[in-house]
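Encoded as structure tokens, the structure appears first; notes follow it.
The values are calculated or read from the model by the stated rules, or taken from the named source; none is laboratory data. All values reported here derive from a predicted model rather than from experimental measurement. We place every Cβ from the backbone using ideal geometry, glycine too, and count neighbours over all the protein chains shown.
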Amino acid sequence: MENNELSYDQAVKRIEEIVSILESGDKGIDQLSALVKEASTLVKDCREKLRNTENEINKAFEE
């Protein structure tokens, strides 16, 4: 599933899963690199969704 297809809640849950995996130390360096990249993308997507929601709320209050 593409990261941009995840809902905000799904993305946050996946970030939490990745953090748990990273904290466990059970993965090799290649896997760690991929997980960090995935988490970074998810965080970026979540920030964008939050920004968009904030803009929508602000527009609703302006009307």
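Residue 12 meets the conditions (1) of a type outside the set (S, T, N, Q); (2) loosely packed, with under 12 Cβ neighbours inside 10 Å; (3) at pLDDT 95 or above in every case but one. The failed one is (2).
If you go through the stretch 18-43 and keep only what is surrounded by 12 or more Cβ atoms within 10 Å (Cβ to Cβ), of a type outside the set (A, V, I, L, M) and at pLDDT 95 or above, you end up with 38, 40, 41. Taken together, the residues in the stretch 22-63 that are of a type outside the set (S, T, N, Q) and either free of Cβ contacts under 8 Å to residues at least 12 places away in the same chain or not in a helix (DSSP H, G or I) (or both) amount to 22.
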